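Everything on this sheet refers to the single structure shown next.
The values are calculated or read from the model by the stated rules, or taken from the named source; none is laboratory data. Remember, it's a predicted structure, so these values are computed and weren't measured experimentally. No Cβ is skipped: glycine too gets one built from the backbone with ideal geometry, and neighbour counts run over all protein chains shown. These accessible areas exclude ligands, DNA and RNA; they are computed on the full protein's heavy atoms, side chains included. Shrake-Rupley method; radii C 1.70, N 1.55, O 1.52, S 1.80 Å.
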Amino acid sequence: CWMGNPGAAEACEKMVKTAIGLGYRHLDTAAGYRNEESVGKAIRESGAPRSEFFVTTKLWNGDHGRVAGAFEESLARLGLEYIDLYLMHWPQAQTADGRTLQPDESPTYVETWKVMEELLETGKVKSLGVSNFSVKTLEVLLDQATIVPAVNQ
């Protein structure tokens with residue numbers, strides 16, 4: 001549920017509650033989708049135990065330089081104790097004004113990944129992955145990663 005339109009939060013929450021009622025338990029969110037609050041609320045109000053759900057959310061491009069803070073903000077918006085899978089949404093960072101950084105500009109996606117690896121130590125995230133990576137970007141990451149991404153979505 002992309003949350004770009006007025007009233008979209010309520011529509012998203014309703015859709016997620018319907019999906020949960022139908023048995024869906026893997027819910028995919030993202031800071032960039034602006035749907036974390038609605039998805040988290042639907043989970044909390046479902047009456048089902050948190051352990052029944054697998055929740056994915058993603059680090060937005062503009063947050064590569066503030067991984068820990070962005071993660072905590074996502075966790076707070078979701079209102080959950082932990083996230084099952086935290087993904088780097090894109091292998092490219094952006095500046096505050098939306099300029100996409102070149103692959104050699106810091107923070108690189110490898111630098112971002114190394115900070116993401118530290119999140120596992122908190123116990124607030126169960127696994128890490130990437131999204132929208134090509135074979136080439138994944139190979140570069142794997143050469144320097146300590147932890148292999150669980151998924152390339």
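What does the net charge come to around LEU101 if you take all other residues with beta carbon closer than 13 Å to its beta carbon, with K and R at +1 and D and E at -1? Neighbour charge sum, excluding LEU101 itself: -4.
Counting only protein heavy atoms and a 1.4 Å probe, tell me what percentage of the chain's accessible area is made up of carbon and sulfur. Could the numbers behind the result be given before it?
Numbers: 4220 of 7960 Å².
That share works out to 53 percent.
Over segment 13-106, calculate the relative contact order: mean separation of alpha carbon pairs under 8 Å at least 6 apart, over the residue count, as a percent. Taking the mean separation of contacting Cα pairs over the length of segment 13-106, I get 28 percent. Relative to the longest principal Cα axis of the chain, at what angle does helix 36-45 sit, 0 to 90 degrees, rounded to 10? The helix 36-45 is inclined about 40 degrees to the chain. Evaluated over the chain, the count of Lys pairs having alpha-carbon atoms less than 20 Å apart is 10 (only pairs 8 or more residues apart or interchain).
Can you tell me what share of the DSSP beta bridges in the chain is antiparallel? A percent to the nearest 5 is fine. So the antiparallel bridges in the chain amount to around 5 percent. Over the chain, with a Gaussian network built from C-alpha contacts below 10 Å, which listed residue (ALA93, ALA19, ALA31) shows the highest mean-square fluctuation? Of ALA93, ALA19, ALA31, the Gaussian network model singles out ALA19 as fluctuating most.
The distance linking segment 64-101 with segment 24-51 is 16 Å (Cα centroid to Cα centroid, whole angstrom).
Taking the dipole about the Cα centre of the chain, with the C-beta of Lys and Arg at +1 and of Asp and Glu at -1, give me whichever of THR56, LEU119, ILE147 is farthest to the positive side. Farthest towards the positive pole: THR56.
Here the convex hull built on the C-alpha positions of the chain has a volume of 109 cubic angstrom per residue.
What size of dipole, in debye to the nearest 20, comes out for the chain about its Cα centre when the only charges are +1 on Lys and Arg C-beta atoms and -1 on Asp and Glu C-beta atoms?
My answer is approximately 480 debye.
Using just its DSSP H runs of length 4 or more, each adding -39500 (n - 2.57), the chain gives a mean residue ellipticity at 222 nm of -11500 deg cm²/dmol after division by all residues.
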